[in-house]
1. Per the helix-only calculation at 222 nm, which mean residue ellipticity applies to the chain, given -39500 (n - 2.57) for every DSSP H run of n ≥ 4 and division by its residues, nearest 500 deg cm²/dmol?
2. What number does region 16-126 give for Rg over Rh if you use C-alpha atoms and the Kirkwood radius?
3. Take every Cα pair under 8 Å in the chain that's 6+ residues apart, average their separations, divide by the length, and report that relative contact order as a whole percent.
4. If the chain between residue 50 and residue 73 were fully stretched, how many nm would it gain, using 0.36 nm times the residue separation less the Cα-Cα distance?
5. Pairing the Cα long axis of helix 45-57 with the longest principal axis of the chain, what angle in degrees results, from 0 to 90 and rounded to the nearest 10?
6. Helix 16-35 versus the longest principal axis of the chain: what angle, 0 to 90°, nearest 10, using Cα atoms?
7. I'd like to compare 63-71, 39-47, 76-84: which one has the highest average count of other Cβ atoms within 10 Å, and what's the full order after that?
8. Suppose R0 equals 30 Å; then what is the FRET efficiency for residue 82 and residue 58 from their Cβ-Cβ distance, rounded to the nearest 0.05?
C-alpha cells in the first residue's frame, strides 16, 4: 500500500537507544539459543566461552562481548573421561555492548535464582571496558 493513504499503518519511529536495546537483545537471544545443549566440562568451558564471544562479535553493532560459563551447574552426563554436562541457561552469564549511530547500550544475560530463569536485561549507564565479575570461567 502506498504511504499516506488513510488507514495505512506507518512504521513506528524508533529511537537510536530503542534500536540499540533491540540489537542487544537479539545478540543475547542468539547466543543463548545457538549454544544451549552444547557439551561442556570444566576443561572445555573457557574455549567454548571464547567461541561464543567470537560468534556474537561478528554481528552488526557489537562493540564488546564477554561470556562466562559455570560448567559445575546442571545435571552431569556420563562418568570419568566421558563425563560432561550440556550447556544450560543457568550456566551462562554474558554481557554485550552495542552501538547504533553513536548510542551505546550494554545488556546482560544471567540466570536469576529467584525466577529460576535466564533473564536478559539492559544495564544502566554507558558500556564499560572490561568484563563483569561473576562466574568462574571468563573469556575476553
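1. It lands at -8000 deg cm²/dmol.
2. Rounded to two decimals, Rg/Rh equals 1.02.
3. Working: 249 pairs, mean separation 37.5, N = 140.
Rounded, it is 27 percent for the chain.
4. Contour length minus Cα-Cα distance gives 6.4 nm.
5. 10
6. 30
7. 63-71, 39-47, 76-84
8. Details: r = 32 Å, r/R0 = 1.08.
That gives a FRET efficiency of 0.40.
Since every read-out is calculated from the coordinates, none of them should be taken as a lab result. Source: prediction; values computed, not measured. Here the Cβ is made from the backbone with ideal geometry for all residues, glycine too, and neighbour counts use every protein chain on show.
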